[in-house]
Amino acid sequence: MADTSTSTRIKHVSTVIVPVSDQDAAIAFYTEKLGFEKRADVPMGEEMRWIEVAPPGADTTVAIVPPRPGEPVGVQTRIAFSTEDIDALHAELQAQGVDVDAEVSRMGDPVPPMVFLRDQDGNSLLVVELSE
């Protein structure tokens, strides 16, 4: 069998980027609705800010920044978060008025239960239940 391992100086995923139309509205959504903490809010020039949020204790952050010129907001981010109790999270998100799927998706073993939610701009995020 051929050796497919490679060497890299890259050690982990640091930040994923989500395009948003209103950074203050995004901060409110991610901190108040999802319970994330704001990790960074620094100016980038005169009109832009670099803002990072993350679940408490998480290593990887989510940068909520304006889209690049000509690019949209409201995208399928391909970002997946995890939870230990998808049903409780689903109920909490619904109670807070978050745009979340009507039901938790259950495809059966070995696929974990999951649900999609959308932020204030319609950016789609996935939450998957951790296996015990």
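The values are calculated or read from the model by the stated rules, or taken from the named source; none is laboratory data. Since the model is a prediction, treat every value here as computed from it, not as a measurement. Here Cβ is always computed from backbone atoms with ideal geometry, including for glycine, and neighbour counts include all displayed protein chains.
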Residue within region 53-75 that is of a type outside the set (A, V, I, L, M) and touching a His at 6+ places or on another chain (Cβ under 7 Å) present: yes
Residue identified as modelled with pLDDT of 95 or more and either within 20 Å of L117 (Cα to Cα) or polar (S, T, N, Q) (or both) among V16, V42: V16
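Being farther than 17 Å from S14 by Cα and exposed (fewer than 14 other Cβ atoms within 10 Å of the Cβ) is the filter here; which residues of region 77-92 pass it? Reasoning before the result, please.
Taking region 77-92 and keeping what is farther than 17 Å from S14 by Cα, we get 83-92.
Hits for region 77-92 are E84, D85, D87, A88, A91.
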Some residue of region 31-44 being surrounded by 14 or more Cβ atoms within 10 Å (Cβ to Cβ), touching a residue at least 40 places away in the same chain (Cβ under 8 Å), basic (K, R) and out of contact with any Lys or Arg (no Cβ under 9 Å at 6 or more places or on another chain): yes
Any chance E84 is touching a residue at least 40 places away in the same chain (Cβ under 8 Å) and acidic (D, E): yes
Whichever residue in region 100-127 is among the small types (G, A, S) and either under 30 Å from E71 (Cβ atoms) or touching a Cys at 6+ places or on another chain (Cβ under 7 Å) (or both) and, among such residues, is surrounded by the fewest Cβ atoms within 10 Å (Cβ to Cβ): A102
Residue among G74, G57, G70 that is among the small types (G, A, S), in contact with an Asp or Glu (Cβ under 6 Å, 6 or more places away or on another chain) and either farther than 18 Å from L93 by Cβ or surrounded by 10 or more Cβ atoms within 10 Å (Cβ to Cβ) (or both): G74
Residue count for region 8-30, restricted to those that are touching a residue at least 40 places away in the same chain (Cβ under 8 Å) and of a type outside the set (A, V, I, L, M): 9
Filter result for I27 (assigned to a strand (DSSP E or B) and either surrounded by 16 or more Cβ atoms within 10 Å (Cβ to Cβ) or at pLDDT below 95 (or both)): no
